[in-house]
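Reviewing the structure listed below.
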Amino acid sequence: MPERNAFAATLRDRIAQQLRDQILSGVLPNNSKIGIDELATQFGSSRTPVREALIELSHQGLVEIVPRRGATVTGMSVDTVRDNFNVFGGLSGLAAEWTTMRANTEVTARLRAIIDEAGPDMTAEQLIENNWRLHREINRNCGSDRLIAMIGQLSSTMPASYFNLIPEQVQISLREHADLVNAIARGDAAGARFLAEHHLRQAGEQMVQRIENTARDTAAS
């Protein structure tokens, strides 16, 4: 699963994150209207953090600001969503490979401790946080500040609440995380890269399927 800190620090960040997830997952399809007053009421806030969140999303190409009215979702096609996951997976695979080549017993112990904490009894929020911690630990040990920065930039194209959107992916993700950490621990750099890339590609296909199903259900209603 993608690396994203699901616990944003500010109200603006939380609003932007929720809207981003809804757009990236197809809950808010293209051409949907987003009202500033409605969002301010929903979050119990003033209009200012809502406007700031919409400006942030407009810079990411997800919405178009409508003066004095709010915003319109420009969204992403399923092809773009698939591309985002594939590109993110490619970079994450490279990070896993480089981390494997550099990993010592301390690194592998930290990775094992993270996956040992995860389990089906966790809430979705706890699983999201555990997922973020695992990928962060792998990425930050790759030895390349440039690669870490590129992964960080692309993380904004990943839905943070993935397990809320696709709960059936939880067990698959837990198994794939364990396989990835095992590959790193035994020094299998090529295997770790393959597993990380496959992990993200498969997650992307699940997201695309969800978006297509949502669009089909909406059209039929």
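Every number in this text was worked out from the coordinates using simple rules, so none of it is lab data. Please read these numbers as outputs of a predicted model, since none were measured by experiment. No Cβ is skipped: glycine too gets one built from the backbone with ideal geometry, and neighbour counts run over all protein chains shown.
What ³J(HN,Hα) values, in whole Hz, does the Karplus curve 6.51 cos²θ - 1.76 cosθ + 1.60 give for segment 181-192 when θ = phi - 60°, with x put for Gly and Pro?
Computed from phi, the couplings for segment 181-192 are 5, 4, 5, 5, 5, 8, x, 8, 5, 5, x, 4 Hz.
Apply 1/(1 + (r/R0)^6) to the Cβ-Cβ distance of Thr218 and Phe194, taking R0 = 25 Å, and write down the FRET efficiency to the nearest 0.05.
Efficiency at R0 = 25 Å is approximately 0.10.
Picking from Ser32, Ser46, Ser77, which is most flexible by a Gaussian network model of the chain using Cα springs under 10 Å?
Result for the chain, Cα springs under 10 Å: Ser46 fluctuates most.
Per residue of segment 137-150, in order, report the coupling 6.51 cos²θ - 1.76 cosθ + 1.60 (Karplus, θ = phi - 60°) as ³J(HN,Hα) in whole Hz, putting x for Gly and Pro.
Residue by residue, segment 137-150 yields 5, 5, 5, 6, 9, 6, x, 10, 5, 5, 5, 4, 5, 5 Hz.
Please rank Ser155, Ser173, fewest neighbouring Cβ atoms within 10 Å first, as an exposure proxy. It would help to have the intermediate numbers written out before the result.
Working: Ser155 19, Ser173 22.
Sorted ascending by nearby Cβ count, the order is Ser155, Ser173.
Out of residues 5 or more away from Val66 or on other chains, whose amide H comes under 5 Å of its own, with H placed 1.01 Å from N in the peptide plane?
Amide H to amide H, under 5 Å and 5 or more residues apart or across chains, Val66 pairs with Ala71, Thr72.
How big is the charge dipole of segment 1-144 about its Cα centre, in debye rounded to the nearest 20, if each Lys and Arg gets +1 on its Cβ and each Asp and Glu gets -1 on its Cβ?
Details: 16 positive and 18 negative charges, 83 e Å.
Using Cβ point charges on Lys, Arg, Asp and Glu, segment 1-144 gives about 400 debye.
Could you give me the ³J(HN,Hα) list for segment 69-85, computed from phi with Karplus coefficients 6.51, -1.76, 1.60 and θ = phi - 60°, whole Hz, x at Gly and Pro?
Values, residue by residue: 10, x, 8, 10, 6, 9, x, 9, 6, 5, 5, 5, 4, 4, 4, 4, 5 Hz.
Taking every pair of alpha-carbon atoms in the chain, give the share separated by more than 25 Å as a whole percent. Walk me through the numbers on the way to the answer.
Working: 10163 of 24310 pairs.
The calculated P(r) of the chain puts 42 percent of pairs beyond 25 Å.
Using Cα centres only, tell me the gap between segment 11-54 and segment 129-158 in whole Å.
A separation of 25 Å, based on Cα centres.
As a test of the formula, what do you get for the chain when each DSSP H run with n ≥ 4 contributes -39,500 (n - 2.57) and the sum is divided by the residue count, at 222 nm and rounded to the nearest 500 deg cm²/dmol?
Here the helix-only value at 222 nm equals -23000 deg cm²/dmol.
Starting from the Cα-Cα distance between Ala178 and Asn30, subtract it from 0.36 nm times their residue separation and give me the gain in nm to one decimal.
Numbers: separation 148, 0.36 × 148 = 53.28 nm, distance 3.68 nm.
In short, 49.6 nm is gained.
Count charges around Phe85 for me, please; just the other residues with Cβ under 12 Å from its Cβ, Lys/Arg as +1, Asp/Glu as -1.
On the way: positive: Arg82, Arg201; negative: Asp79, Asp83, Glu197, Glu205.
Around Phe85, the surrounding residues sum to -2.
Looking only at Asp13, Asp179, Asp116, which one moves most when the chain is put into a Gaussian network model with springs between Cα atoms under 10 Å?
Answer for the Gaussian network model of the chain: Asp116.
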